[in-house]
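Here is the structure we will look at.
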Amino acid sequence: MPRNKTHKPSRRLADPVLEQVADSWRLNNAINLLLIDAIPARGFAVVPLASRGRTVAQQLAHMHRVRVAWLRFQRAPEARKLHSFRRGASPSRHELKAAFHASGEAFANFLERMLICGERIKMFKGRAVRCMTYLVSHDSHHRGQIALALHQAGMRLPDEIAINALWYSWYHGEKRYADVEARK
């Protein structure tokens with residue numbers, strides 16, 4: 001397919017498979033936003049035992065920074081308006097939520113554009129869905145580290161988040177996803 005730089009992704013894609021892929025990315029981002037909302041205020045300063053020493057806030061900042069870095073590496077126009085936290089930054093809940101909203105939507109638009117235009121990307125064997133699954137895996141890894149750090153510090157996440165949001169959202173994602181989208 002020819003490259004189409006003017007394509008503006010829509011919320012509804014014509015191809016149901018492409019729509020499922022984009023929706024899966026948005027669900028991943030919605031789960032991150034639910035987690036950020038559920039972390040107790042003092043939980044952002046917690047560090048997991050036997051780790052590299054990143055606090056919960058720093059892990060979340062790292063997750064956002066990785067998304068922005070991959071978009072910039074791809075020279076994606078969606079990255080132009082994104083800011084990235086500096087290494088070691090400990091952003092507030094509000095800053096993290098704004099960053100995840102922005103990078104989540106920017107990557108969703110990039111993903112939709114790549115899938116619709118059929119353009120190959122750098123690395124990931126040229127496949128945008130591989131890049132997406134890498135980022136979902138990366139986010140999931142850090143969500144696990146965050147949940148563990150909070151648990152080790154005696155701040156266990158409520159089951160509504162630890163089980164329902166982090167796991168069941170993948171099985172029954174529509175309701176959870178809609179709840180987060182409605183709060184934007």
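Among the residues of region 1-8, are any at pLDDT below 95, within 16 Å of residue 105 (Cβ to Cβ) and of a type outside the set (Lys, Arg)? Write out each step before concluding.
Step one: list which residues in region 1-8 are at pLDDT below 95, which gives 1-8.
Those left that are additionally within 16 Å of residue 105 (Cβ to Cβ): 7-8.
After this cut, where a residue has to be of a type outside the set (Lys, Arg) as well, the list is 7.
Yes, that holds for at least one residue.
Would you please name the residue that is surrounded by the most Cβ atoms within 10 Å (Cβ to Cβ), looking only at residues in region 123-159 that are under 18 Å from residue 31 (Cβ atoms) and of a type in the set (Val, Ile, Thr)?
Only one residue fits best here, namely 146.
I want to confirm something. Restricting to region 99-137 and keeping residues that are in contact with a helix residue (DSSP H, G or I) (Cβ under 6 Å, 6 or more places away or on another chain) and assigned to a loop (DSSP other than H, G, I, E, B), which single residue is farthest from residue 59 (Cα to Cα)?
Applying the filter and picking the extreme gives 120.
Tell me whether region 63-77 contains one or more residues that are in contact (Cβ under 8 Å) with a residue 24 or more places away in the chain and closer than 21 Å to residue 169 by Cα.
Yes, region 63-77 has at least one match.
Name every residue in region 16-31 that is in contact (Cβ under 8 Å) with a residue 12 or more places away in the chain and over 13 Å from residue 105 (Cα atoms), in order of residue number.
If the condition is that a residue be in contact (Cβ under 8 Å) with a residue 12 or more places away in the chain and over 13 Å from residue 105 (Cα atoms), then 18, 21, 31 are the ones that fit.
If you go through region 19-78 one residue at a time, how many are among the acidic types (Asp, Glu) and either over 23 Å from residue 120 (Cα atoms) or not in a helix (DSSP H, G or I) (or both)?
The number of residues fulfilling the criteria is 1.
When the residues of region 79-98 are filtered to those that are modelled with pLDDT of 95 or more and part of a helix (DSSP H, G or I), which remaining residue is farthest from residue 34 (Cα to Cα)?
My answer is 95.
Could you tell me whether residue 108 is surrounded by 17 or more Cβ atoms within 10 Å (Cβ to Cβ), in contact with a Pro (Cβ under 8 Å, 6 or more places away or on another chain), more than 25 Å from residue 17 (Cβ to Cβ) and in contact (Cβ under 8 Å) with a residue 12 or more places away in the chain?
No; evaluated as a whole, the condition is false for this residue.
Would you please list the contacts, defined by Cβ atoms under 8 Å and residues six or more apart or on different chains, that run from a residue in region 36-50 that is closer than 17 Å to residue 161 by Cβ to a residue that is among the charged types (D, E, K, R)?
36/93; 36/97; 37/93; 37/97; 38/160; 39/93; 41/93; 44/93
The values are calculated or read from the model by the stated rules, or taken from the named source; none is laboratory data. Computed from a prediction, not measured in an experiment: that's the story for all the values here. Cβ: placed from backbone, ideal geometry, glycine included. Neighbour counts: every protein chain shown.
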